[in-house]
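Shown next, in structure tokens, is the structure this report addresses.
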Amino acid sequence: MKLALHWKIIIGMILGIIFGFIMNSVDGGRNFVSDWIAPFGKIFINLLKLIAVPLILASLIKGISDLKDISKIKKMGLRTILIYVGTTVVAIVIGLTIVNTIKPGTGMPQDTIEKIKMKYENDAGVSDKLMKASAQNDAGPLQALVDIFPSNIFTALGEAKMLQVIFFALFVGICLLLISEKKAKPLVDFFDSLNEVVMKMVDLIMLFAPYAVFALMANVIIAFDDTEILLKLLTYALCVVFGLALMIGFYLILIKVYTKKSPLWFLNKLSPAQLLAFSTSSSAATLPVTMERVEEHLGVDKEVAGFVLPVGATVNMDGTSLYQGIAAVFIMQVIWPEGLTFTNQLIIIATALLASIGSAAVPSAGMVMLVIVLESIGFPAELLPIGLALIFAVDRPLDMCRTVVNVTGDATVSMMVAKSLGKLHDNPKPKEWDDNYEAVK
């Protein structure tokens, strides 16, 4: 019996975790993993990032040109943004409700705070997050809007600036609708062919996924060098994980009620993308796989998936927003309890919503946005390094979990938009890497 892809990935993940723990206890084991195992995980992520931009460009241009009606773009875009905003608000409210109910930061021993402060306050990772947040704040309130419009499309493609690529693809797609079908056909056919080629690349790259996940998980495990601090932060981490689990449950309710599909069927079909999201901590790297699963396994029409998913990977960060709400209040409970006012928590909801739209789809971007959220409520600047240090030790595993929620949210919204437009198909036909192999071998 042929083993399903998600089971192969799960096996690779479990073996990677076990191998990582073994190497942690062996002299020279960490160096062996970082030198000889981790590079294979990086190669896999690079391959996924390699095809993400061409896939967005090809699928979005082809999808928009296939609509044959500019008014449909407005309808699809408006529904997408409204649903994304709605789910993000739900995520933040869930996070704030949990952290205010459980209060994980109340009563943390002073010696634990001091130990965490000494270990992480001057950490290069913490300093890097503070610098990036400062640069983003200094850019001005409308910089996020300015950044959508590229001055050079080749620079935008080369640097994988997703919003700029999406804007360019939309612009090209709309212009293809505004010229005669005869003139548009050669370019439409080109992008249709490019989309098929890139989707076949996804199939081939995914053959390597179980081995890459093994490498990625082994590398994650060797990074944890202070289990005592991890245990001290366990209550906070469990609050985040519990909130993320509730968010997944919310998505499954939407799938069941609105799209009339089985939640278990949805999870089964999407699971390879979710497992990759967990392993890579990057919505952008997972995007090609998410698009393949949503189109070929969940039955979302190509023109809908090609628009909703790239936009979602950039502006829909439900897991990150939920985490920001919990992390901000947790930090205040520990070192700035006087800031825990109702007004400040309303500001957290608004700022986390706006921050999620500008949050990059890369590992640990949520921590950069967290600094902006904290600054919006007047959090003392001198306490910011301590605040980040408090949660830095468990940020990576929580980042892995919240990326799963981000990807699941994108897939859920794509199904909802497709259902509302009559673009959700009941019997999708997945393509395999060797569909045409017999003809060319």
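The values are calculated or read from the model by the stated rules, or taken from the named source; none is laboratory data. These figures come from a predicted structure and were not determined experimentally. Glycine gets a Cβ as well: all are built from the backbone with ideal geometry, and neighbour counts include every protein chain shown.
Can you tell me which residue among Ala160, Ala156, Ala169, Ala184 is farther than 25 Å from Ile81 by Cα and either modelled with pLDDT under 95 or in a helix (DSSP H, G or I) (or both)? If you could, list the steps in order and put the result at the bottom.
Working: Ala160 fails: farther than 25 Å from Ile81 by Cα; Ala156 fails: farther than 25 Å from Ile81 by Cα; Ala169 fails: farther than 25 Å from Ile81 by Cα.
Of the residues listed, the single one that is farther than 25 Å from Ile81 by Cα and either modelled with pLDDT under 95 or in a helix (DSSP H, G or I) (or both) is Ala184.
Tallying residues that are in a loop (DSSP other than H, G, I, E, B) and of a type outside the set (D, E, K, R) within the stretch 109-124 yields 2.
Hey, among Leu374, Leu388, Leu370, Leu383, which residue is surrounded by fewer than 24 Cβ atoms within 10 Å (Cβ to Cβ) and touching a helix residue (DSSP H, G or I) at 6+ places or on another chain (Cβ under 7 Å)?
On the way: Leu374 fails: surrounded by fewer than 24 Cβ atoms within 10 Å (Cβ to Cβ); Leu388 fails: surrounded by fewer than 24 Cβ atoms within 10 Å (Cβ to Cβ); Leu370 fails: surrounded by fewer than 24 Cβ atoms within 10 Å (Cβ to Cβ).
Matching residue, one of Leu374, Leu388, Leu370, Leu383: Leu383.
Looking at the stretch 415-436, I want the residues that are part of a helix (DSSP H, G or I) and have a partner that is crowded, with 17+ Cβ neighbours inside 10 Å and modelled with pLDDT under 85 with Cβ atoms under 6 Å, at least 6 apart or on another chain. Which pairs are those? No pair meets every condition.
So, Thr106, is that one out of contact with any Cys (no Cβ under 7 Å at 6 or more places or on another chain), modelled with pLDDT under 95, not in a helix (DSSP H, G or I) and not acidic (Asp, Glu) or not? For Thr106, the condition - out of contact with any Cys (no Cβ under 7 Å at 6 or more places or on another chain), modelled with pLDDT under 95, not in a helix (DSSP H, G or I) and not acidic (Asp, Glu) - is met.
Taking the condition of a type in the set (A, V, I, L, M, F, W, C), in contact with a Ser or Thr (Cβ under 9 Å, 6 or more places away or on another chain), crowded, with 20+ Cβ neighbours inside 10 Å and assigned to a helix (DSSP H, G or I), does Ile92 pass? Lay out the reasoning, then the answer.
Values: of a type in the set (A, V, I, L, M, F, W, C): yes; in contact with a Ser or Thr (Cβ under 9 Å, 6 or more places away or on another chain): yes; crowded, with 20+ Cβ neighbours inside 10 Å: yes; assigned to a helix (DSSP H, G or I): yes.
Yes; evaluated as a whole, the condition is true for this residue.
Any residue at all in the stretch 287-298 that is assigned to a loop (DSSP other than H, G, I, E, B), at pLDDT 90 or above and either over 25 Å from Ala4 (Cβ atoms) or in contact with a helix residue (DSSP H, G or I) (Cβ under 8 Å, 6 or more places away or on another chain) (or both)?
Of all residues in the stretch 287-298, those assigned to a loop (DSSP other than H, G, I, E, B) come to 297-298.
Narrowing the set further to residues that are at pLDDT 90 or above leaves 297-298.
Filter once more, keeping what is either over 25 Å from Ala4 (Cβ atoms) or in contact with a helix residue (DSSP H, G or I) (Cβ under 8 Å, 6 or more places away or on another chain) (or both): 297-298.
Yes.
Within the span defined as the stretch 209-227, every residue fails to be β-branched (Val, Ile, Thr) and over 30 Å from Ile11 (Cβ atoms). The residues in the stretch 207-254 that are under 29 Å from Ile102 (Cα atoms) and assigned to a helix (DSSP H, G or I) can be counted, and the count is 29. The residue that is surrounded by the most Cβ atoms within 10 Å (Cβ to Cβ), among those in the stretch 46-84 that are among the polar types (S, T, N, Q) and free of Cβ contacts under 8 Å to residues at least 24 places away in the same chain, is Asn46.
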